[in-house]
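Values quoted throughout were computed directly from the atomic coordinates according to the rules given, and no laboratory measurement underlies them. Keep in mind the model is a prediction, meaning the values are calculated, not measured. Don't worry about glycine lacking a Cβ; one is built from the backbone with ideal geometry, like all the others, and counts go over all protein chains shown.
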Amino acid sequence: AMGAAIREIRLGSFMTQTQLEARSGVDQSVISRLERGRPVGLRWQRLAAVLAALGVVRIDFEHNLVRQGGLGPSSVEELWSLSRRRSA
């Protein structure tokens, strides 16, 4: 669910996984597994580096990613509601 939101923000920024790797310092294969919802064993610091590289400024209690000057909260909320319906 969060991985799908991260992927949507990355694609909305016209950024490849390789470019996100360069900006965040997190390996591209880890980013790929994260986006696909695969287990990655990611430390909070590395997740924070990915989110910062994407311009995410906060995660609210509903796990919505809010990006400064880019993808708005309503778009992320829509992603989360879709993922919740699929997992239910």
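Results, tabulated for the structure shown:
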| quantity | calculated |
| --- | --- |
| Sequence ranges 45-56, 29-40, ranked by mean other-Cβ count within 10 angstrom, highest first | 45-56, 29-40 |
| 5 angstrom amide H check on VAL57, placed H, neighbours 5+ away | VAL66, ARG67, GLN68 |
